[in-house]
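Have a look at the structure below before the remarks.
Just so you know, all these numbers are worked out from the coordinates, no wet-lab data involved. Keep in mind it's a predicted model, so treat the numbers as computed, not measured. Every residue, glycine as well, gets a Cβ built from its backbone with ideal geometry; the counts of neighbours run over all protein chains shown.
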């Protein structure tokens, strides 16, 4: 499941992910909302909070994630990844060169620090 976090506003966007992400999570929730925010604000700064219930992606959702990320790889200024499992951290490090923006990974207990970094307060 993907849900938008209220702390984000304007070009600052926060999402929380939990469980196993599906194609519907991308098609019905994430992609339409992010596309609307891109249309309104241009580049976005994104925080992705992986909660303790996160299990991964189903195959179609993994494809959706990769395709959307590649399509918009120049449209993100900053990406803060919070609480991701180690295997997700490694995937980010391996594919980070594809992104044009800045990426930082934070442990789960540093959610507030991730927001401060995203907002340029640190």
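Measuring from label point to label point, each 7 Å out along Cα→Cβ, what is the residue 98 to residue 9 span in nm?
3.4
Counting only DSSP beta bridges with both residues in region 1-65, what percent are antiparallel, rounded to the nearest 5?
30
Find the relative contact order for region 66-119 and round it to a whole percent, using C-alpha pairs within less than 8 Å whose residues are 6+ positions apart.
This gives 47 percent for region 66-119.
Name the shape class, rounded, prolate or oblate, that the alpha-carbon gyration tensor gives for region 2-118, where a ≥ b ≥ c are the square roots of its eigenvalues, rounded holds for a/c under 1.5, and otherwise prolate holds if a/b is larger than b/c and oblate otherwise. Don't skip to the end; give the middle numbers.
Numbers: a/c = 1.21, a/b = 1.03, b/c = 1.18.
Rounded, because the longest to shortest axis ratio a/c is under 1.5.
Of all beta bridges DSSP finds with both residues in region 1-120, what is the antiparallel percent, to the nearest 5? Show your work: numbers first, answer last.
Working: 4 of 24 bridges.
In region 1-120, DSSP labels about 15 percent of beta bridges as antiparallel.
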